[in-house]
Amino acid sequence: MKKILIITILAISILGCSSDSNSSNNNLFLNINIGGTNYSSEGMFSTGYGGEENCLNNGNLFLQYVGQVENSSFFIECEFVHFENVIDFDNPQKNIVTNTRLTDINDLWEANYGEDVCSKNNDFSIIYEDKVSNEFLRLKPNSAMNHTITNVAFSSEDATSKFYIIEGTFSATFLKGNIDVPVNGNYRIKIETLK
């Protein structure tokens, strides 16, 4: 029994190291400032949620996990929506990197708001749960919301996929009752597009 336990721990350690080195090699991250306090989340690759509803019906979309921060007071998770297929992602008439949007909702979280979600290519969503009040905070109406893709770089390819590194910045203001909660940061993620 001890031998099986040791082998299992060793296997988990090896897998953990290879996963960490993969992330480190790409320097993937989410840096986020919430109400004046900085938080960081090491980026992960190959995590996502698959198909997203496509408002414009101009190509399959994929919801990519960017990172999350959680403590006893709040939970914040960020995702990025991108074209799933190379034919759409590599098309400069479709994939206009200056056309971005910041939202507080995506398909995964629509049940919390009771509304239909229609994701768009290059959406960046920030889901903000106030764990004290057990409420999901919304973006402050008529306030500045910015998401800017600052760099898109080809990373590698194989027989079925092309991989890219995406970097961006974001800023927005959430409402907690009548209190403004400014949120801003930057990220670096790796995405996969299918050939």
Residue pairs within 6 Å by beta carbon, gap of at least six or interchain, first lying in segment 102-121 and closer than 14 Å to Glu135 by Cβ and touching a residue at least 40 places away in the same chain (Cβ under 8 Å), second exposed (fewer than 15 other Cβ atoms within 10 Å of the Cβ) and not acidic (Asp, Glu), listed first then second, are Asp104/Arg138
Can you tell which of Glu84, Glu79 is touching a residue at least 12 places away in the same chain (Cβ under 8 Å) and in contact with a helix residue (DSSP H, G or I) (Cβ under 8 Å, 6 or more places away or on another chain)? Glu79
Qualifying strands (runs of 3 or more DSSP E) (wholly inside segment 46-97; at least 1 residues being under 19 Å from Leu108 (Cα atoms) and aliphatic (A, V, I, L, M)): 61-70, 74-83
Only residues that are surrounded by fewer than 19 Cβ atoms within 10 Å (Cβ to Cβ), in contact (Cβ under 8 Å) with a residue 60 or more places away in the chain and in contact with a helix residue (DSSP H, G or I) (Cβ under 8 Å, 6 or more places away or on another chain): list them for segment 32-57, please. Glu53
So for segment 11-23 (the condition being modelled with pLDDT of 65 or more and touching a strand residue (DSSP E or B) at 6+ places or on another chain (Cβ under 8 Å)), does at least one residue qualify? no
Filtering segment 157-180 down to residues that are open to solvent by less than 20 Å² (accessible area, probe 1.4 Å) and of a type in the set (A, V, I, L, M, F, W, C), which residue is farthest from Ile87 (Cα to Cα)? Phe174
Output yes when any residue across segment 188-195 is under 16 Å from Ile127 (Cα atoms) and either touching a residue at least 12 places away in the same chain (Cβ under 8 Å) or touching a Leu at 6+ places or on another chain (Cβ under 6 Å) (or both), and no when none is. no
Applying the selection to segment 96-119, what residues are at pLDDT 90 or above and out of contact with any strand residue (DSSP E or B) (no Cβ under 6 Å at 6 or more places or on another chain)? Ile96, Thr98, Asn99
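The values are calculated or read from the model by the stated rules, or taken from the named source; none is laboratory data. Just so we're clear, the structure is a prediction, and the values are computed from it rather than from any experiment. When we count neighbours, we look across all protein chains shown, and the Cβ atoms used for this are built from the backbone with ideal geometry, even at glycine. Only protein heavy atoms, including side chains, enter the accessible area calculation; ligands, DNA and RNA are left aside. Shrake-Rupley method; radii C 1.70, N 1.55, O 1.52, S 1.80 Å.
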